[in-house]
Amino acid sequence: MSMRILKVAVGGGINEENLKGTLLYKLFEKLSKNSIKFSNFSSADLIFYGPYYNFYEKIANKLKKKIYPSQYFDPRILNFSKNKKKNSLEIFLSFENSIRFKDIKADFYFTNLLGINDNNHFRIPYWKNCANWPEYDIYFNDNSDNVIHRYGEAYDTKRMMQEFGNSFLTKNRKFCIFTSHMMYPRKQIYEVFKNNFTVDGYGPYFDKKSVSHNSGIIKKKDILKNYMFNLCPHTFSTPGLYSSDVSDAFLSGSLPVTWADKNIDYEFNKNAFINLIDYQNENFSEIINYLKDDNFLKKFVKEPLILKKPDLKKEIEFVQKIINSL
């Protein structure tokens, strides 16, 4: 690559700090032999788009859908009039439920979705954005504009490979839940467990003064460590769409009780957490009884969250392919 500076632009709800808080940016920064500079669309070599939109983009998309009813949201909609640099590459980056991501034209796609057979798509598990990678000299601090700031520190992958331990057994049999909404099935699950256990709520849904997950002074890990269980159901059962909640809870010594697509076993050791999707019959009555049984809970003591040492070999290979194509 002959460039001295790699120029990058962002759109679709991603800003400069958002992008810097991702593993993907860290890899481009590490692998590129050029310094990275943020620029406008007309001079950028790489343009990163997210799945988000502001008020004006939302209105523009409503108008577009009337003309092209088959088209879904396109985060580039307000940038169509801007001349893009010749030979620049567009990258769609999302950790949301972007199952229609191919409706958005891009050169490469990064999501956390499983089962995508596309040479230009790469899956980065969400938890990998939350971990330090000392073997690659990649580090995040707790001020990063990502989930690490909310949790309180970057993940230690060595700890994720260690046994859960028995310290959680000494805690009061209470749950905590962090959420900004109560969409289905989260609300239904919360109501059932609230009727059977003490469930303390945190986050914008319970604290109306809290603007976002990241606005709290107390870090998530400092709350989780005081609870035996963390009720952390996902909103969607989409293969691959797994947030940081299970790993947050495990690393804090709180048993994760989630609701997620069964392919979460691809991500984490299925014996290290509880997936409520396996216990939906009889309104979760079976697992509620299990959670009151000490012998059942002891099964989790010796379980690690991940069974194999993780690496970034495939991530590096894919990012290098993009850099080589510039």
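A few points about this structure:
- Count of the stretch 108-136 residues which are among the charged types (D, E, K, R) and farther than 27 Å from residue 236 by Cβ: 1
- Residue check, residue 294 surrounded by fewer than 14 Cβ atoms within 10 Å (Cβ to Cβ) and either under 18 Å from residue 173 (Cβ atoms) or not hydroxyl-bearing (Ser, Thr, Tyr) (or both): yes
- Applying the criterion of at least 3 residues that are surrounded by 15 or more Cβ atoms within 10 Å (Cβ to Cβ) and without any contact (Cβ under 8 Å) to a residue 40 or more places away in the chain to the strands (runs of 3 or more DSSP E) found wholly in the stretch 83-127 leaves an empty list.
- Residue count for the stretch 278-307, restricted to those that are in a loop (DSSP other than H, G, I, E, B) and free of Cβ contacts under 8 Å to residues at least 40 places away in the same chain: 2.
- Scanning the stretch 253-277 for residues that are assigned to a helix (DSSP H, G or I) and among the charged types (D, E, K, R), we see that the one that is nearest to residue 113 (Cα to Cα) is 267.
- Flag set for residue 311, criterion: part of a loop (DSSP other than H, G, I, E, B) and under 19 Å from the mean Cα position of the chain (by Cα).
- Test: residue in the stretch 246-258 that is outside the structural domain of residue 28 (by TED's automatic domain parsing) and farther than 23 Å from residue 202 by Cβ: no
Table: residues versus (1) of a type in the set (Asp, Glu); (2) in the same structural domain as residue 45 (by TED's automatic domain parsing); (3) within 20 Å of residue 320 (Cα to Cα); (4) under 12 Å from the mean Cα position of the chain (by Cα).
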{"site": "85", "(1), (2), (3), (4)": "no, yes, no, no"}
{"site": "89", "(1), (2), (3), (4)": "no, yes, yes, no"}
{"site": "104", "(1), (2), (3), (4)": "no, yes, no, no"}
{"site": "108", "(1), (2), (3), (4)": "no, yes, yes, no"}
{"site": "121", "(1), (2), (3), (4)": "no, yes, yes, no"}
{"site": "130", "(1), (2), (3), (4)": "no, yes, no, yes"}
{"site": "136", "(1), (2), (3), (4)": "no, yes, yes, no"}
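- A residue that is modelled with pLDDT of 85 or more and either in contact with a strand residue (DSSP E or B) (Cβ under 6 Å, 6 or more places away or on another chain) or surrounded by 14 or more Cβ atoms within 10 Å (Cβ to Cβ) (or both) can be found somewhere in the stretch 50-65.
- Number of the condition not met by residue 275 [criteria: (1) farther than 22 Å from residue 203 by Cβ; (2) of a type outside the set (A, V, I, L, M, F, W, C); (3) without any contact (Cβ under 8 Å) to a residue 24 or more places away in the chain]: (1)
The values are calculated or read from the model by the stated rules, or taken from the named source; none is laboratory data. Note that the coordinates shown come from a computational prediction; the quantities given were computed from them, not determined experimentally. Please note: Cβ atoms are built from the backbone with ideal geometry, for glycine as well, and neighbour counts cover all protein chains shown.
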